[in-house]
Structures are given as structure tokens and as C-alpha cells.
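Below is one structure, written out as C-alpha cells; the observations come after it.
Since every read-out is calculated from the coordinates, none of them should be taken as a lab result. These numbers were taken from a predicted model, which means no experiment stands behind them. Positions of Cβ are backbone-derived with ideal geometry, glycine not excepted, and every protein chain shown enters the neighbour counts.
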Amino acid sequence: MNIFYDENMPFAKEFFADLGTLTAFSGRSLVAKEVANANVMLVRSITKVNKALLENNNALSFVGTATIGVDHIDQNYLVERNVNFHSAPGCNAVSVAEYVLSAMVVLAERYLFNLSNLTVGIVGGGNTGTRLSEKLTALNIKHVICDPLQAENPNDNREFSTLEQALACDVISLHVPLTREGQHATYHLLDADRLAILSHNQILINACRGEVVDNKALLKMKQQGHGVKLVLDVWENEPAILTELIEHCEITTAHIAGYSLEGKARGTEILYRALCQQLDILPKKQLADFLPIPAISAIEINQDFDEILLNQLVKMVYDVRRDDAIFRQQINTQGFDHIRKTYPTRREFSSVTVNLNNVLSSDVPHRLGFNK
């Protein structure tokens, strides 16, 4: 069995070596002739899997994307070809939520405001929005969730807000898939009209898909002096992004919010288990077999939890300013994809065990995701 996989999928060799012959590829530049004899294709979000890519292939039986989003996959075409398809829902949801929290911590320090005084509007109540909601709840930060599709789900008992209510919050964090059709399409969800209602004091964070925000309208608004603070991890037309927008942002990164080692590797593990199921074999490997010991694996806390301690804890594991600096330094010389390909190892909160002094009763670090 010929298994072709994106070279940026961590632990792909370790998971799939026993299942077939492995061939790595560059996700952005992949062309049809390279995958003509693939039986299995494992991709990430930068590879468009469609008729054009698969026109020379008659052997494909399985396509997997190690990502939450699936807008790069022509699922109808795969159904026509009778090719099984699997994604990795939720694989990097924790990673993205921790990116957002790191950005909020950095901006709170930069502008001397208290996170506890903010309201957060989460647009998108799926896996990622839910993980962010859990972390905000642990910190007692008021927030609302807007998701009209989830609101129609009779099994979801959460209280949902309108988009207008979410856009009125101090912080707006976007976590929707990219869809272009239907009543709740998300393409340019924040168009010029919706951007115009934002105030100068708000923070806008986009860590889902670049096309959810009209980047040209956003640039025009900032060039006219609007004070909204921007945190952009995703951009329209990646990798050929609107670089003029960078100087108007507080934090800029190269679509890496979900790029924790655990987040990326969970996607690999999910696809491994899906392929094992298709092959009717018992999975023999798990992610814990391959994750390295983190540089800092345990700490002890001997004081009451407060925002200063939160700042220290979050930045000890992940300080988003590192990725912002790399992006600004390399985007015009090395390029968008190079930054992603050479992304330094980043761990999640769960990689660190937090031991609490017995005198203390606050379990906020554990509810944030730090290990017990």
C-alpha cells in the first residue's frame, strides 16, 4: 500500500510505517503526477484535494486531512470516486484556544487592562470555540457564544447569542469554518459593513480562516485611523497575503495557532486510527508513545492565583510574541510557507504538571488545562 503524507505531519512515519510504503510530499506544491499511484493520501489544509490533483490516480481508497477545516477537500468528488474521507475534528482545538489566551495575556500586559473586566464574543461554538469557552470560564471571564447552527441543535443546551451581541464584546474571537453558501455562510462574515460597527477599543482575533474577514476592507479601515486592535493568525489568499496589513496589527502569525506539537500530532493519530478501521486492523500505537518530555515538565505554585500568575504560567508554556517576531522578521524574506514549515516546537498547557501548595484551594491552573 502506497501512503503519501504531508512532510509537516508530525510522527507520520512512526504511526504509518507498518501499514505501507511511505512517501512524503510538500503540501503546497503537490501536483497530480506525484500522487498517481497513491492508495492513501494524508494532507493538511494547504493541499487542495480535487479532480485536478487526482486526475491521474486510479488507486486511491483513503484521503485524510489532519486538520479541523475541510474547505480544501472536494468531498463530493471523493464520494463519486468511492474514496473514503476522514478529517480530524477537534485535533488542534486546545492549541488554538491557548493561542487566543496567550494573545489576550500579552495585550493585557501591553495596555495595562485586567482580563477579568473584559467580555469576549466567541463566534463559532464548535470544538475550538468550546475549548476557548472552557478556559474563559475557568478564569471567570464573561463571554458569549454565537453559533446559529449549534443553536438549532436540540442536544446543545448552551445559551447562544446573536452575531451582533458577539461583535459588541470587548474581544471578538473567530472560530468558524469557511463556507461560501447557505444562510450562514462565513465567507467575509466580517465585511466592510460589519467591520464599520466595531469600536476603537475592541480587540479582533482571527484564528480560523482568513477569508472570514475582508482583509482589504480591514486594511482600509486601519489606514483611515481606526483603533481596533488586531490579532491575525490567518489571512486571505495565503500564502500571498496582504502584507500591508501587518504593520496595523498587534500580533501577526503564519496560520500557526493550531500548531502545537500535540495539536498537529493528534491529527496524525486520528487519521491513523481511521485508516486502521478501514483496513480492519487493531491500532497498536498512540500519541503518548511518541511525545517527547517537555523542557519544563512540572512546577509548584505557592501563592493564590491572580492575573500576574496567569501571565507567568501562560507565557512559560507559550508566548505568542515569539511567533509574532518570527513572522515580522521573515515574511518578506523567507515567506509564509517557510515560517510554517520551520515552526519551532510548541507544547500545550497539558505538558506541564502544576503542583498546588496544600494551603491553596484554587484549581484554576488545572481547569485551564495544566496537568495535575
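Key figures
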| read-out | value |
| --- | --- |
| Quotient of C-alpha Rg and 2.2 N^0.38 Å, computed over the stretch 302-372 | 1.46 |
| Pairwise centroid distance, computed over Cα atoms, of the stretch 93-108 with the stretch 208-227, Å | 21 Å |
| C-alpha center-to-center spacing [the stretch 312-345, the stretch 147-170] in angstrom | 32 Å |
| Intensity falloff of the stretch 93-252 expressed as log10 I(q)/I(0), Debye formula with alpha-carbon point scatterers, at q = 0.08 Å⁻¹ | -0.21 |
| Helix-only [θ]222 nm of the chain, DSSP H runs n ≥ 4, -39500 (n - 2.57) each, per residue, nearest 500 | -9000 deg cm²/dmol |
| Proximal aspartates and glutamates relative to K13, as straight alpha-carbon distance under 12 Å, when same-chain residues fewer than 8 apart are discounted | E269 |
| Relative frequency of Cα-Cα separations exceeding 34 Å in the chain, percent | 29 percent |
| Value of Rg/Rh across the stretch 218-372 [Cα atoms, Kirkwood radius] | 1.06 |
| At least 20 Å along the helix axis (C-alpha) and Kyte average at least 0.5, DSSP helices within the chain | 93-111 |
| Base-10 log of normalised Debye intensity for the stretch 47-135 (one unit scatterer per alpha-carbon) at q = 0.12, 0.18 Å⁻¹ | -0.55, -0.82 |
| At R0 = 25 Å, FRET efficiency that the Cβ-Cβ distance of K220 and K341 yields, to 0.05 | 0.20 |
| For the stretch 229-236, Karplus couplings with θ = phi - 60° (6.51, -1.76, 1.60), whole Hz, Gly/Pro x | 8, 10, 10, 10, 9, 10, 9, 5 |
| Beta bridge orientation in the stretch 143-283: antiparallel %, DSSP, nearest 5 | 0 percent |
| Straight-distance crosslink candidates among lysines, where the alpha carbon sits under 29 Å from K220 and sequence neighbours closer than 8 are dropped | K229 |
| Sparsely packed chymotrypsin sites (Phe, Trp or Tyr not before Pro) within the stretch 251-337, loop by DSSP, other Cβ within 10 Å at most 11 | none |
| DSSP bridge pairs, the chain: antiparallel proportion in percent, nearest 5 | 0 percent |
